[in-house]
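One structure below.
The values are calculated or read from the model by the stated rules, or taken from the named source; none is laboratory data. What you see is a predicted model, and the numbers here were worked out from it, not measured in a lab. Neighbour counts run over all protein chains shown; Cβ positions are idealised from the backbone, glycine included. Side chains included, ligands, DNA and RNA excluded: accessible areas come from the protein's heavy atoms. Shrake-Rupley method; radii C 1.70, N 1.55, O 1.52, S 1.80 Å.
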Amino acid sequence: MTVEQTLVLIKPDGLEKSLTGNILTRLSETRLEIAGARIVRVSKELAETHYAALKDQPFFQELIDYIIGKFHGKRKVMALVYHGENAISKVREICGATNPEEADPRSIRGAYGRITTSGIFENAIHASANPEEAEREIKLWFCPDEVVYNIYPVKETKVKSVKLLAWA
Ligand code: IDP
Ligand code: MG
């Protein structure tokens, strides 16, 4: 048994259909702990970096449009880090197969996903597939301060003259 962390995204269709609560309830069946959570406005750059491994797939452009929220009105996803023993496979199992029509109907994708008439797999949730992917994705979507357990090494840095938004 290895303690792992995994990245979960509730995709724009999941948010638009008000499935956040249902999906979090299903994920709680894993008995894993939530170690981080954010609502993220997804830029094209973030989406393309997240799905970089799929850039040669014929559905890549539609996938980017989907994940940035182009089909669901709002440019946002909910990003979560789940923490615990065998977190990666436990979350993948409850998500179900990539193709929502092939996914077990009791899985999250089987229950809530659909294939659109233009062929997009709107499958409501993303989950990291393996430890390397989990590490890359958690580091892409979260800063160390936003995750309560730092299972990857961290370092302290001093940041000078960075432009940030502040409340006016
Ligand atoms: P995964 O999400 O189960 O890890 P990946 O192969 O990494 O599956 O694909 C990422 C996402 O791209 C899927 O969740 C789905 O939304 C979309 N996708 C994957 N394969 C297809 C396809 O054959 N047609 C349309 N969309 C696809
Ligand atoms: Mg994948």
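For the condition over 23 Å from Glu4 (Cβ atoms), among the acidic types (Asp, Glu) and either modelled with pLDDT of 95 or more or open to solvent by less than 60 Å² (accessible area, probe 1.4 Å) (or both), what is the one hit in Glu101, Glu137, Glu133?
Only one candidate passes the filter, namely Glu101.
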Criterion violated by Val91 - all others in (1) open to solvent by 10 Å² or more (accessible area, probe 1.4 Å); (2) assigned to a helix (DSSP H, G or I) satisfied: (1)
Test result for Ser89, closer than 17 Å to Glu33 by Cβ and of a type outside the set (D, E, K, R): yes
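Which is within 25 Å of Thr2 (Cα to Cα) and open to solvent by less than 20 Å² (accessible area, probe 1.4 Å), of Gly84, Gly69?
Gly84 is the lone residue from the list that is within 25 Å of Thr2 (Cα to Cα) and open to solvent by less than 20 Å² (accessible area, probe 1.4 Å).
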Residues of the range 104-148 satisfying the condition of being more than 13 Å from the chain's Cα centre (by Cα), of a type outside the set (D, E, K, R), within 16 Å of ligand 2 (Cβ to nearest atom) and farther than 25 Å from Phe71 by Cα: Asn130, Pro131
Residues located in the range 36-66, provided they are small (Gly, Ala, Ser), in a helix (DSSP H, G or I) and crowded, with 16+ Cβ neighbours inside 10 Å: Ala47
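Residues are listed down the side, and each one gets a yes or a no for (1) among the polar types (S, T, N, Q); (2) more than 12 Å from ligand 1 (Cβ to nearest atom); (3) out of contact with any Cys (no Cβ under 6 Å at 6 or more places or on another chain):
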{"position": "Thr30", "(1), (2), (3)": "yes, yes, yes"}
{"position": "Val40", "(1), (2), (3)": "no, yes, yes"}
{"position": "Leu46", "(1), (2), (3)": "no, yes, yes"}
{"position": "Thr49", "(1), (2), (3)": "yes, yes, yes"}
{"position": "Pro58", "(1), (2), (3)": "no, no, yes"}
{"position": "Gln61", "(1), (2), (3)": "yes, no, yes"}
{"position": "Lys74", "(1), (2), (3)": "no, yes, yes"}
{"position": "Met78", "(1), (2), (3)": "no, yes, yes"}
{"position": "Ala87", "(1), (2), (3)": "no, yes, yes"}
Residue selected from the range 2-35 under the condition within 15 Å of His72 (Cα to Cα) and of a type in the set (S, T, N, Q), by the criterion surrounded by the fewest Cβ atoms within 10 Å (Cβ to Cβ): Ser18
